[in-house]
């Protein structure tokens with residue numbers, strides 16, 4: 001064997017190589033083409049998962065004995081804007097959920113009218129992108145019921161949720177596609193663990209999309225908009241964290 | 001060039017089949033063809049993938065470095081293990097960025113999963129598993145295992161009678177990684193996905209819950225790191241040049257003291 005290649009040399013090269021690999025990853029992702037390939041993982045995962053789960057596969061539902069003793073709140077704990085504070089002071093009597101965009105009949109729904117809709121109660125696991133999970137009971141009308149009442153127009157592909165809270169000065173919003181919008185467990189939660197939603201958990205209305213991670217479950221939902229494309233909303237990636245931090249729009253994994 | 005390589009590969013495969021690695025006397029000189037192309041490709045792709053998975057996985061773990069057992073687990077619940085914040089020289093990316101760590105992790109998860117699947121299918125078809133990794137009852141007899149432990153401690157890694165064959169500890173560790181550890185990582189990884197849990201509800205049943213799956217994922221990677229350390233250490237102790245060449249070109253030289 002060549003004297004140029006020595007045991008010590010190989011060990012040094014191997015150590016250097018592993019170190020370079022870790023550091024190199026940060027360089028690689030700066031290359032637009034490499035970044036596109038890496039980010040395409042999201043589309044592949046979405047395609048595979050949707051193929052395997054089908055439209056109506058349900059997230060597991062638990063018993064009351066499985067509830068987390070304490071369900072932590074995350075993200076915004078209180079929107080604390082003058083408009084929101086006024087709603088809280090009035091016990092949400094003046095709250096209206098606006099439903100618009102590509103719909104036949106735009107709606108403006110009071111909290112009372114939402115409470116009168118047929119509702120679903122489900123005990124599900126909430127999975128944060130950070131890694132923790134909490135089990136809670138959620139109660140509210142199916143999003144599909146509201147969307148059918150408004151009547152989606154042809155061309156509508158996504159449902160956007162505009163929220164009352166701001167993070168770092170930007171309004172929180174989220175979006176899902178119709179695959180999840182008409183899923184039976186996708187509800188506009190009005191209550192949690194048997195009581196009306198509290199402010200830290202998104203009062204008065206919080207989206208539940210049980211087959212996706214926590215940041216998709218928009219709190220403080222004020223307006224629902226049906227759109228053909230996500231372009232032009234926020235930075236166009238479909239949600240606050242998607243715009244701001246490169247988080248996946250499809251958060252089923 | 002490509003044709004020459006292909007011809008050489010074909011020739012070497014034929015030679016390999018004719019010679020059978022356990023009869024060195026018939027092998028061409030002192031070199032034997034030890035690793036087929038598909039094995040070598042998977043080895044290096046997997047080496048890259050696993051290093052990226054570990055780095056990006058530690059980056060993800062930094063978002064919530066506590067582990068729980070059961071279905072749920074968060075700040076107000078009792079973790080069985082609190083981990084330190086992993087330093088930037090171990091994580092991908094170096095600076096904490098959960099979204100980018102996830103991009104790396106979830107893309108290379110596909111490479112890991114489908115790579116393993118392809119390697120397994122190929123290794124059944126080309127009989128790599130049966131020929132090189134099959135473990136017989138006699139192999140795992142305590143006396144045999146003990147003899148191999150002693151041989152390892154004496155830095156003798158090859159059976160003089162069959163220098164090309166894997167020793168029993170080697171077989172056991174490769175079988176454990178290929179058939180237990182990597183599949184465990186894939187299974188527990190899938191069980192952490194809310195989408196996959198809806199698609200395959202048995203995932204959280206067999207793992208004992210999403211937080212248990214997360215804990216098992218960490219225990220699994222700890223064992224993989226242990227394997228990596230021992231694997232690399234033994235390559236260095238055996239003969240790094242010879243071992244590296246065999247995993248790059250396929251050709252392995254029978255150590256002189258064992259011919």
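The values are calculated or read from the model by the stated rules, or taken from the named source; none is laboratory data. Remember, predicted model here, so these are calculated numbers, not experimental data. We place every Cβ from the backbone using ideal geometry, glycine too, and count neighbours over all the protein chains shown.
Are any residues in region B:77-99 closer than 14 Å to residue A:25 by Cα, free of Cβ contacts under 8 Å to residues at least 24 places away in the same chain, assigned to a loop (DSSP other than H, G, I, E, B) and more than 9 Å from chain A (Cβ to nearest Cβ), and if so, which ones?
Once the filter is applied, which keeps residues that are closer than 14 Å to residue A:25 by Cα, free of Cβ contacts under 8 Å to residues at least 24 places away in the same chain, assigned to a loop (DSSP other than H, G, I, E, B) and more than 9 Å from chain A (Cβ to nearest Cβ), region B:77-99 yields nothing.
With the requirement that a residue be free of Cβ contacts under 8 Å to residues at least 40 places away in the same chain and either within 30 Å of residue B:31 (Cβ to Cβ) or out of contact with any helix residue (DSSP H, G or I) (no Cβ under 7 Å at 6 or more places or on another chain) (or both), what does region B:177-186 give you?
B:179, B:180
What is the one condition in (1) in contact with a helix residue (DSSP H, G or I) (Cβ under 7 Å, 6 or more places away or on another chain); (2) away from chain B (no Cβ under 14 Å); (3) under 25 Å from residue B:199 (Cβ atoms) that residue A:173 does not satisfy?
(3)
Residue by residue, here is whether (1) facing chain B (nearest Cβ under 8 Å); (2) touching a helix residue (DSSP H, G or I) at 6+ places or on another chain (Cβ under 9 Å) holds:
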| site | (1), (2) |
| --- | --- |
| A:7 | yes, yes |
| A:13 | no, no |
| A:16 | no, no |
| A:29 | yes, yes |
| A:39 | yes, yes |
| A:44 | yes, yes |
| A:68 | yes, no |
| A:74 | no, yes |
| A:82 | no, no |
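Is at least one residue of region A:237-245 at pLDDT 95 or above, outside any helix (DSSP H, G or I) and surrounded by fewer than 21 Cβ atoms within 10 Å (Cβ to Cβ)?
yes
Name the one entry in B:85, B:76 that is surrounded by fewer than 14 Cβ atoms within 10 Å (Cβ to Cβ) and under 13 Å from residue B:60 (Cβ atoms).
Criteria check complete, one pass: B:85.
Within region B:121-205, which helices (runs of 4 or more DSSP H) (wholly inside it) include 3 or more residues that are within 14 Å of chain A (Cβ to nearest Cβ), at pLDDT 95 or above and under 25 Å from residue A:133 (Cβ atoms)? Let's see the steps before the verdict.
Details: elements: B:142-153, B:168-175, B:182-191, B:194-199.
By residue number, B:182-191, B:194-199.
Can you say whether residue A:49 is buried (at least 17 other Cβ atoms within 10 Å of the Cβ) and out of contact with any strand residue (DSSP E or B) (no Cβ under 8 Å at 6 or more places or on another chain), as far as the supplied structure shows?
When the stated conditions are applied, residue A:49 passes them.
Could you go through region A:169-185 and let me know if any residue there is out of contact with any strand residue (DSSP E or B) (no Cβ under 8 Å at 6 or more places or on another chain), in contact (Cβ under 8 Å) with a residue 12 or more places away in the chain and within 30 Å of residue B:65 (Cβ to Cβ).
yes
Since residue A:212 meets every condition but one in (1) over 21 Å from residue A:59 (Cβ atoms); (2) within 14 Å of chain B (Cβ to nearest Cβ), which condition does it not meet?
That leaves (1) as the condition not met.
Kindly check whether there is at least one residue in region A:84-95 that is within 14 Å of another protein chain (Cβ to nearest Cβ) and in a helix (DSSP H, G or I).
Taking every residue of region A:84-95 in turn, none turns out to be within 14 Å of another protein chain (Cβ to nearest Cβ) and in a helix (DSSP H, G or I).
Filter region B:206-235 down to residues that are more than 27 Å from residue A:132 (Cβ to Cβ), touching a helix residue (DSSP H, G or I) at 6+ places or on another chain (Cβ under 7 Å) and without any contact (Cβ under 8 Å) to a residue 24 or more places away in the chain, then give me how many there are.
1
Of all residues in region B:56-76, how many are in a loop (DSSP other than H, G, I, E, B) and at the interface with chain A (Cβ under 7 Å from one of its Cβ atoms)? Talk me through it step by step, then tell me what you get.
In the first step, residues of region B:56-76 are kept if they are in a loop (DSSP other than H, G, I, E, B); the result is B:62-65, B:68-72, B:74-76.
If we keep only those that are at the interface with chain A (Cβ under 7 Å from one of its Cβ atoms) as well, we get B:63-64, B:71-72, B:74-76.
Of the residues in that region, 7 qualify.
Which condition from (1) more than 30 Å from residue A:202 (Cα to Cα); (2) at pLDDT below 95; (3) within 21 Å of the chain's Cα centre (by Cα) is the one that residue A:18 breaks?
It fails just one condition, (3).
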